[in-house]
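The values are calculated or read from the model by the stated rules, or taken from the named source; none is laboratory data. Please read these numbers as outputs of a predicted model, since none were measured by experiment. Backbone-built Cβ (ideal geometry, glycine too); neighbour counts: all protein chains shown.
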Amino acid sequence: MSKDKKHKSIHKLFPVIKVLFSTAGKKYPWFFVFEALKTLVQVAQPFVGILVTPLIIDELITTRNVKTLISYVAILVVGEFVLIIFSSRLDTVLNKYQERMNNYFTMQLGLHSMSLDFQLTEDKDALDQLEKARTGMTWYSGGAYGIAEQIFMFLGNVLKITGLVTIITMHAPLLLIVILVYIVLNGFTTAKRNKYELQAYNRLSGINRLFGYFGWRIVDFRYGKDIRLYGAREMMVNRWKKNTDESIANWKWQADKVYPCALLFELFFLLRTLITYFYSGLLVIRRVFSIGIFTQMISAAGALDATLGGLVWNIQELLKRCNYAYEYVLFMEYPEALPKGKEMIDNKDYKIEFRNVSFAYPGTDKKVLDGVNITIEPGEHLSIVGLNGAGKTTFIKLLCRLYDPTEGEILLDGRNIKEYDYKEYMAQFAPVFQDFKLFGFKISENITIKENDGKDLKDLVKLTNLEEFVEKLEKGLDTRIFKIFEEDGVEPSGGEQQKIAIARALYKNAPVVILDEPTAALDPMAEYEIYRQFHTLVGDKTAFYISHRLSSCRFCDRIAVFSEGKIEEYGNHNELVNKPNGIYAKMFEAQAQYYR
């Protein structure tokens, strides 16, 4: 490991320990107490045999006093038995903490992922960082538990080394030089091995994300119809196989690099063992110490060798694990994509203004919106129409502050929306996007997004024409959506899912309602009912209504016609439909001819 890389590794050590231990310490403080006890037990275990066994051997060779032998054997057996039982019990307790802590940090990762600015959920670098954080905290570092284990093992090894060096120095100090040389050589091979493993890990983050994507889509029943009807099986399996081959190639590269290091490790161990036995045996022949002390030196040398090796391994393993876990720290401190204000929204009767707004998605120069200017008065119902790719949904994303404009500004009640508290601002909107998602919860919970018995949803269910659908279900609103968790779960049709999503938006009771293609999956009669009750559904709230079905525009106060990122036409239905060569008029006529 180069000095620069070693410095970087040490630099990562302290923030990782600070973040992980402070988080774990607040949630599971007793974990550290049990780890300390386990460390003391592990330090004591080898010394029972090292100190007592020579006494037994010398007693057998010399006086052979039965009572003395029995006493020594009793001390050896009982001492080791008690320590083993105690160690086993501590392992059982700590294994439970390991599971709890792994789950807790996984939950923290999930919570932080959900709190990220939406813009980052579509950012490749952020997604790669999430994958590195997830794998770095599970497969590679062992998380807070794995790093804590290394630290306590390090402290325990320091205590062991102190005792073992004292014992060897009393009888054969030259053995310390042999062991030290062996440890230096072993440390060199271990450092090389860790370097290759870290390089392999950095290559794997992108591969793992693709591997997981194709692997899980193959077994996800929601994709079953498309895979079968479009013959996607071969493509999906081939993509999965390709990513599997890339993953295997990465592991093979790591194995090929590590193999020579493993051979060197075994060679150094063999040389160290031969020298230790030869030197200790020579001292016995010269009567420097007894056969009992000979066995003690062999045991102590082996233990010191293993402990020093363990100490070096602890240091390198700790640095390596902290390198992996540092990805978690980076993700948890991932910079916000959007600046956040602190102003609160007191006035609920406000107007919204887009002032010379332009926008290009991060990483591109193409403007999806270009110089948009529009003012929406309080309670106004605005229909947004245009061809695909005209910028309609992007307009809504900017309004909801999922992204910020590249140029210009959006004002709410005369103030730039960047100045408002983010959560407060998000609370103003109740959107139904065309790619909305339902969860594997009860129908009532999908509407309220909280635990709810559904008793206060009767009117809302009727208003959104869900009544007939719910009445057919044995558990009513308590029925789970999808069959992920329960066999008697329900698979709503596309139209029924859309109605549930609309009910969710209305239940939120936000000042601004956004309906993005809200009737796309509805049959004509259900669509007509939504239109007929449009004003009842939305009331006096400000509403944005995106639809390709221009007949819906009759229910709105104003219509904004988007074309190539700009608002090319603006007015009510009668004004626009009678505009010569107008975009809206052409679109309306193109649709109307199919109903004549």
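Quick notes
- Pair list, Cβ < 6 Å and 6+ apart or interchain, from region 400-413 residues that are in contact (Cβ under 8 Å) with a residue 40 or more places away in the chain and of a type in the set (A, V, I, L, M) to residues that are surrounded by fewer than 17 Cβ atoms within 10 Å (Cβ to Cβ) and not in a strand (DSSP E or B): L402/F118
- Within region 462-495, considering residues that are over 17 Å from Y507 (Cβ atoms) and of a type in the set (A, V, I, L, M), the one nearest to the chain's Cα centre (by Cα): I484
- Only listed residue being modelled with pLDDT of 90 or more and either more than 30 Å from Y403 (Cα to Cα) or assigned to a loop (DSSP other than H, G, I, E, B) (or both), chosen from T63, T53, T92: T92
- Qualifying residue in region 549-556 (condition: aliphatic (A, V, I, L, M), surrounded by 17 or more Cβ atoms within 10 Å (Cβ to Cβ) and at pLDDT 75 or above): yes
- When restricted to residues that are of a type in the set (S, T, N, Q) and at pLDDT 85 or above, region 120-134 contains 1.
- Subset of region 396-416 that is charged (D, E, K, R) and in a loop (DSSP other than H, G, I, E, B) - its residue that is farthest from the chain's Cα centre (by Cα): D413
- Just one of (1) surrounded by 14 or more Cβ atoms within 10 Å (Cβ to Cβ); (2) closer than 30 Å to I291 by Cβ; (3) modelled with pLDDT of 85 or more fails for D58. It is (3).
- Test result for K442, surrounded by 18 or more Cβ atoms within 10 Å (Cβ to Cβ) and over 24 Å from K351 (Cβ atoms): yes
- In region 269-302, the residues that are surrounded by fewer than 18 Cβ atoms within 10 Å (Cβ to Cβ) and among the polar types (S, T, N, Q): T273, S290
- In region 477-494, the residues that are among the small types (G, A, S) and either on the phi > 0 side of the Ramachandran plot or surrounded by 14 or more Cβ atoms within 10 Å (Cβ to Cβ) (or both): G489
- Looking only at residues in region 346-399 that are among the aliphatic types (A, V, I, L, M) and at pLDDT below 90, the one that is farthest from L550 (Cα to Cα) is A390.
- When region 295-318 is filtered for residues that are under 20 Å from A262 (Cα atoms) and of a type in the set (A, V, I, L, M, F, W, C), the ones remaining, listed by number, are A306, L308, L311, V312, W313, I315, L318.
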